[in-house]
1. Take E318, E329 and sort them by solvent-accessible surface of the protein heavy atoms, 1.4 Å probe, largest at the top.
2. Using a 1.4 angstrom probe and counting only protein chains, how large is the accessible area of R170 in Å², to 10?
3. Tell me, what is the percent relative contact order of the range 1-136, built from C-alpha pairs under 8 Å that lie six or more residues apart?
4. What net charge is computed for the residues neighbouring L36, neighbours being all others with C-beta under 15 Å from the C-beta of L36, Lys and Arg scored +1, Asp and Glu -1?
5. Taking the Cα centre of the range 1-80 as origin, work out the dipole magnitude from +1 charges on Lys and Arg Cβ and -1 charges on Asp and Glu Cβ, in debye rounded to 20.
6. Extension gain Y184-R4, at 0.36 nm per residue separation less the Cα-Cα distance, in nm?
7. Roughly how many Å² is the accessible area per residue of the range 48-127, as a whole number, for a 1.4 Å probe?
8. Relative contact order of the range 68-153, please, whole-number percent, based on alpha carbon pairs below 8 angstrom and at least 6 residues apart.
Amino acid sequence: MGKRYLVAYGLWALGGPLGLHHIYLGRDSHALLWMLTLGGFGMGWAWDFWKIPGLVHQCNRQEKIKNEVKEGVPPANPVRFIGQLTTGIYFGLVAAIGLSSLSSFYLIGLPLAVGLGVHLVACVGEQTSDLKNTLIAAFLTSPVFYGRAISMIPISITASITAQQNRRYRSHRQKDENLSLRLYRIGLAYLAFTGPLAYSALLNTSRTVSYIAESIGAMLNWLSIFPSFSALVERVLLLPYRAWGLFTGGGGFQDQYFKEWEKIYEFVASFQSEKEQLACKVLGVESQATLEEINRQYRDLVKIWHPDHNRHRPEEAEQHFLEIQAAYETLNHLRKIKNQ
């Protein structure tokens, strides 16, 4: 029976981030990927809105020509490669949170998790790749970066390149299976992924939070050789907090709430780029301002907003005074680090 556009769009709207529309279209690997990444970190689910007509047409076409096998090598797709790289790092980070206490984690657990994440993206749609070669590449790279928080990045890069080199069309179409059996298989994979993470988050919350912060910090420091890309990663990582601020009426990125934002930056101390921009905005200086210019602007603002000079509005003055002090301390610290 042919698939319908209306049903696919309905499932996309109701449970798109969980991949319900992909289950309907028989794309189980794609559905599992969406479940584990909440719709490709939200971006993939939104992009699916435009792709659903093509996916439905492709599914109905395959129903009619079940025995047809595509020849040759699929064209290289930079979007798929970026997805493999990102998902591999994400799987590695999740594995580190839930399984890093294992003695063989860096030699077995981490490369296995990263390799499986890369391979899952490689199996989306009509394509697949060689799982064995992908895992071999991950396992060979792992000892080189043994014990380092950023090790999932080079492992994912190597595994993604290997998966791309071994890409091919599926040799045969997935057999028609009972829906309950397919859901059972997807459910087992989902539990295997989320079980250790949930256990660690619930029973060892402080260690989990600390490890996340350290891992993200190490990753951003490693990416600092590409300033523009590093700043972009920072903004993406801060999106959930921005969205929460808008949802709760906080207004998101505002200079008068520097002290509140600083709590987030202290949690992930490596968000230096965003923190510096906000501090500059509070003090009203350029991002390239020298220490002398920062000190001069700080003294001028302190004279204006010191509570002793604003007895007619003490609460507002105290709030601004604290924001100015926090911004000044932040810029002073960051400038001293850069000058070392």
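The values are calculated or read from the model by the stated rules, or taken from the named source; none is laboratory data. Not measured: the values here are computed from a predicted model. Backbone-built Cβ (ideal geometry, glycine too); neighbour counts: all protein chains shown. Protein only, heavy atoms only, side chains kept; ligands, DNA and RNA dropped before computing areas. Shrake-Rupley method; radii C 1.70, N 1.55, O 1.52, S 1.80 Å.
1. E329, E318
2. Surface accessible to solvent at R170 totals approximately 90 Å².
3. On the way: 131 pairs, mean separation 30.7, N = 136.
Computed over the range 1-136, the figure is 23 percent.
4. On the way: positive: R27, R185; negative: D28.
It works out to a net charge of +1.
5. Numbers: 9 positive and 5 negative charges, 33 e Å.
Dipole size: approximately 160 debye.
6. Details: separation 180, 0.36 × 180 = 64.80 nm, distance 2.42 nm.
Gain on extension, Y184 to R4, equals 62.4 nm.
7. Working: 3920 Å² over 80 residues.
Ligands and nucleic acids excluded, the figure is 49 Å² per residue.
8. Working: 83 pairs, mean separation 28.5, N = 86.
Relative contact order here is 33 percent.
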